[in-house]
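First comes the structure, then the notes that go with it.
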Amino acid sequence: MLCTALLTNCGGDKNGDTVFFPIENDLQLGLQVSQQVDSAYGSKGQLLDRNSRNPKIRAAYLHLDKIVARILESGEVSYRDEFPWDVKIINDPNIQNAFATPGGHIYVFTGLIQYLDSEDELAGVLGHEIAHADQRHSIKQLQKQYGISVISRLILGNDSGNLERIFTQVGGQLVGLKFSRDYEREADEFSVKYLGATDFYACDGAAGFFQKMLNLEKRGNPPEFISTHPSPGNRVQEIQAQARQQGCQTAAASQTGYQEFKRNLGL
């Protein structure tokens, strides 16, 4: 009853979850966060322009767009048509990270691209980050943080001013947001599911990435990724087990195109 009273589409979340924020809030938050990120890295000259006069940068974007498009065309992404799913490259060789905002704005650091050995691994990471947005993890975490009673008062009372203040407060926190272990596990599972449905990538591509993260952590040199994600721990085994359960392809794809992609970025 509360769901019906608050929002008519509350129970209609495409993932089958009860979310009291409508999908427009994902888009609103995502746009706010992406504008902040663009401004921060653009002012330092680190946000690579997809319309650059440099043909190699343009070619690199075409390649990255292709990877994202294959994941989106897997038929497994719930909000494929609602979110923009634009992808941008941040030129920082010291950061091995990627993230997606609510509403599907995707960012990849050159340090991650350089560090990874294969397109399967990069596709696995992208699938993981896309899953965070597609499963609305930021919005769900926000809902837990403020509680249903607060949200219901704001929505039923049409208190758009306080809702706007909440979004303004949390917007800057979302880039470095640490998700719960359950959300991280779910993002890993969906990465396998997405890649397995593409027919292009080894569906356990993310396992190779997490293995490298684990090796660095054991050597006492944890990468930037670890600061916004739980320790790799047994995630490698869990991803591989998920791949076996799904019976999806685990053979690596040809890496010729990936190496050219890296060279175009000067990596």
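The values are calculated or read from the model by the stated rules, or taken from the named source; none is laboratory data. If you're wondering where the values come from, they're calculated on a predicted model, not measured in any experiment. All Cβ positions, even for glycine, are placed from backbone atoms using ideal geometry, and neighbour counts span all protein chains on display. Ligands, DNA and RNA are excluded from the accessible area calculation, which covers all protein heavy atoms including side chains. Shrake-Rupley method; radii C 1.70, N 1.55, O 1.52, S 1.80 Å.
Numerical summary
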item: Check on G103, among the small types (G, A, S), closer than 19 Å to D38 by Cβ, in a loop (DSSP other than H, G, I, E, B) and in contact (Cβ under 8 Å) with a residue 60 or more places away in the chain; result: yes
item: Residues located in the stretch 50-73, provided they are charged (D, E, K, R) and in contact with a strand residue (DSSP E or B) (Cβ under 9 Å, 6 or more places away or on another chain); result: R50, D65
item: Pairs with Cβ under 6 Å, 6+ apart, first in the stretch 62-78 and within 19 Å of E189 (Cβ to Cβ) and open to solvent by 20 Å² or more (accessible area, probe 1.4 Å), second assigned to a helix (DSSP H, G or I) and not aliphatic (A, V, I, L, M); result: E76/K193; E76/Y194; S78/D134
item: Enumeration of residues in the stretch 192-207 that are buried (at least 22 other Cβ atoms within 10 Å of the Cβ) and of a type in the set (G, A, S); result: G196, A202, G205, A206, A207
item: Selection count where residues are under 17 Å from L122 (Cβ atoms) and at pLDDT 90 or above, scope the stretch 244-256; result: 0
item: Filtered residues of the stretch 165-221 (kept if aliphatic (A, V, I, L, M) and either assigned to a helix (DSSP H, G or I) or modelled with pLDDT of 90 or more (or both)); result: I166, V170, A187, V192, L195, A197, A202, A206, A207, M213, L214, L216
item: Within the stretch 106-148, considering residues that are among the small types (G, A, S) and assigned to a helix (DSSP H, G or I), the one farthest from the chain's Cα centre (by Cα); result: G147
item: For T228: the one exception among (1) touching a strand residue (DSSP E or B) at 6+ places or on another chain (Cβ under 8 Å); (2) over 15 Å from L116 (Cβ atoms); (3) modelled with pLDDT of 60 or more; result: (3)
